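Colleague: I have a structure I would like to understand better, so I am pasting it below and will then ask my questions one at a time.
Derivation of every value follows stated rules applied to the coordinates shown; laboratory data play no part. None of the values given here were measured: they were computed from a predicted structure. FYI the Cβ positions are ideal-geometry reconstructions off the backbone, even for glycines, and counts take in every protein chain you see.
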Amino acid sequence: MFLTRLLQLLIIAIPIALFGWLLNQEIVPDGRFVIEHRIDQPSPFIDRLLPDARVQIVQPDSAGDPVQPIIDDPVFFFVHPHRGFNTLEAEVWFKNEDNPIVELGGLAQINQEVYDLQPLQNKIIDDLAWPRLVDGDLILLQRQPVYASLADFLADPPPRHEIAAYQFQLDQPYLIKNYRPSSVPQTVEVSLRGFHEIKTYLKDETLNFDFIFMDMNREAGADPVMALVFNEQGRPVAEVRAADDGNLSDDARPGERQQLNLNVPNLPEGVYKIELRAPRDIFFRSFTTPQQKIVFLNNLYLADEVGYQPAPRPVNLWTEAKDLGFQTHHVEGLQTILVNQQRVDLSAPYEQYRHLVKDPGVVKITLPKSDVIYQSNGHVAFSPDQFFNPDPVRLSPSTDLDKLDINYVIARYAPPAQAGDWYVARAVFDTQKLVYVADGTWKLAFSIPGIRESGGRVDIGRINLTLTREPFSLRDIFNYFLK
Amino acid sequence: MHIFSHGSAWQSTLAKTGFLTSLISYLLFALAEVLRPGFASRYFSIHLFLLAAIIFGFWWAGRLKDFNDHWLIQHVCAIIFGVVLFVLTWRLGAGFAEYRILMSLLAAAAPLIFLRIIRT
């Protein structure tokens, strides 16, 4: 009888204990949830690496450890947290022999796919045999030991052109000596599609941009437009919005030309960033501004001009970037691009064409027609007079420190730890900066610049995530069931 | 000897406990899944409890010595279950197109047909 009662108790206790454990997993009472994922095992929270063309199948490496090699860039995966969290700490176990930079990014903007990239490994910094100063996650490398401490460097930095920065922004404001404002507006006639970022310079003048745009209605849904202005410290100082043209369909009927006027007086002297937040249906056709220094950051989507111009117009660009990428999505966009005198033949649609610039300084890019997605890691202007570079040189695999006369490398970076054959690196993301690509799903991506060109590989072994939030309280019970 | 053959009373007690516990657990976990998708299915299949209920149910049925035929309760349950199936099939059965009403009526009749079969 006792044994029967004991077995009955056991039968009842098993689902109760299971339910209690599941409830504990679900509500995360201590505010910390750990997901451990070996790459050769499925996880309910972490999807496999994609796309298949950029990874190899999971396989044992020479040491017998199960790994999934990444052979192209970028490679992404989706994370499905079961509830909201404030921070996401990724711990990645990987093996890397030759690739100079390995980064992990969280998708921060869906338009144009902007990622919040965090370093996992930077072999350029790790291997650079310059004297180094380390303070927490800040590293300063000096060609000659000039500064005794990082505090000295930050208090009195050298000229910006001597600095290469990685994951670091200087606090000192960027100023252009002998700059004189102008009241004469200049118009740039170019078709740009969707999200773009601009940097401009102000001194005793009103920030004024008139953007002319059209809603091309090629994709269903509303297409609002917003221009956000940030100061050099990254704080928002102004914004302006325009609503959809009223056509929510994908009938490809272009809307009327609309105007978005950004007018912000009384801003102090300095560099300002304008984020043009617009979906892919929005084609900016021109912008007019009295500002004299205007550069776009990193990428340009030079739109096709179907339904706007009888024939696509040529585009000239000026950039200091050394690692360029070109792509067109249409047969009509195939062309030969000149980078200074070097030819880049776009001979197939959807093919990414990479070009490494050998010439020092700013180079001119000549595109016979638009309809090209331009990607770089630098600034790009539509006239040489508008070009300016308010940022230190960005440390990338193509950065030649000697050619550029760089004397200092500053980085916010902690080298990965080593566990046997593995590198173990951590990247922390503020989830407020990440966007959901679907219901409660984050998209994370490995960025390994130059991996395809070098024929290299990075072997991923484990991806462990630690998610944190406020500890559970009684108030959450109410919210929990209403969510 | 058959696994569900007659034995001592403890078997009947355990089988009944197992059946009811598995069935109630299955329904509760299914409800939790509806409220919070993935609550349990991220870690295991809740249908394991249904499997356990079936096994315990057969075991318990094999141990029954007395049987009361609750004709009314059985038919009321079958009708209620039929209404639920009708609603579910109608709501989820848009893909049946012109056969939607037919399939919904068949689903509604299924519990009564099943009851008739096992009673014969």
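Colleague: Ranking A:442, A:21 by Cβ neighbours within 10 Å, fewest first, what do you get? Don't skip to the end; give the middle numbers.
Modeller: Values: A:442 21, A:21 11.
Lowest count first: A:21, A:442.
Colleague: Continuing with the same structure: I need the Debye-formula profile for the stretch A:171-292: one equal scatterer per C-alpha, no solvent, reported as log10 I(q)/I(0) at q = 0.12, 0.15, 0.21, 0.23 1/Å, two decimals.
Modeller: Log10 of I(q)/I(0), two decimals: -0.47, -0.69, -1.14, -1.29.
Colleague: Roughly how many whole Å is it from the C-alpha centroid of the stretch A:113-136 to that of the stretch B:76-120?
Modeller: One Cα centre to the other: 64 Å.
Colleague: What ranking do A:464-470, A:31-37 get when scored by the average of other Cβ atoms within 10 Å per residue, highest first?
Modeller: Working: A:464-470: 18.1, A:31-37: 16.0.
Put in order of decreasing packing, that is A:464-470, A:31-37.
Colleague: What list do you get for A:366, B:21 if you sort them by fewest beta carbons within 10 Å? Intermediate values should be presented prior to the final figure.
Modeller: Details: A:366 14, B:21 21.
Taking fewest neighbouring Cβ atoms as first place, the list is A:366, B:21.
Colleague: Using only Cα atoms, figure out Rg for chain A and give it as a multiple of 2.2 N^0.38 Å. It would help to have the intermediate numbers written out before the result.
Modeller: Values: Rg = 25.6 Å, N = 483, 2.2 N^0.38 = 23.0 Å.
Normalised Rg, Cα atoms only: 1.11.
Colleague: Dipole of the stretch A:341-380 (Lys/Arg Cβ +1, Asp/Glu Cβ -1, origin at the Cα centre): which of A:370, A:356, A:346 lies farthest to the positive side?
Modeller: The residue sitting most towards the positive pole is A:356.
Colleague: With a 10 Å Cβ neighbour count serving as the proxy for reagent exposure, in which order, fewest first, do A:409, A:339 appear?
Modeller: On the way: A:409 26, A:339 20.
Starting with the residue having the fewest Cβ neighbours, the order is A:339, A:409.
Colleague: Out of B:97, B:53, B:109, any idea which swings most in a Gaussian network model of chain B, alpha carbons joined below 10 Å?
Modeller: Of the options given, B:97 has the highest mean-square fluctuation.
Colleague: In peptide B:25-33, what is the residue-averaged number of other protein chain Cβ atoms found within 10 Å of each Cβ?
Modeller: Values: counts 7, 1, 0, 2, 4, 0, 0, 4, 0.
Average per residue, whole number: 2.
Colleague: Using 20 Å as the Cα-Cα cut-off, could you pick out the over-long pairs in A:177/A:403; A:177/A:199; A:203/A:273; B:16/B:65? Walk me through the numbers before you get to the answer.
Modeller: Working: A:177/A:403 25 Å; A:177/A:199 17 Å; A:203/A:273 14 Å; B:16/B:65 13 Å.
In this structure, A:177/A:403 lie more than 20 Å apart at Cα.
Colleague: With the dipole of chain A worked out from charges on the C-beta (+1 for Lys and Arg, -1 for Asp and Glu) around the Cα centre, which of A:104, A:190, A:176 lies farthest toward the positive end?
Modeller: Of A:104, A:190, A:176, it is A:176.
Colleague: For helix A:2-27, report the angle its Cα long axis makes with the longest principal axis of the Cα atoms of chain A; keep it between 0 and 90° and round to the nearest 10°.
Modeller: 10
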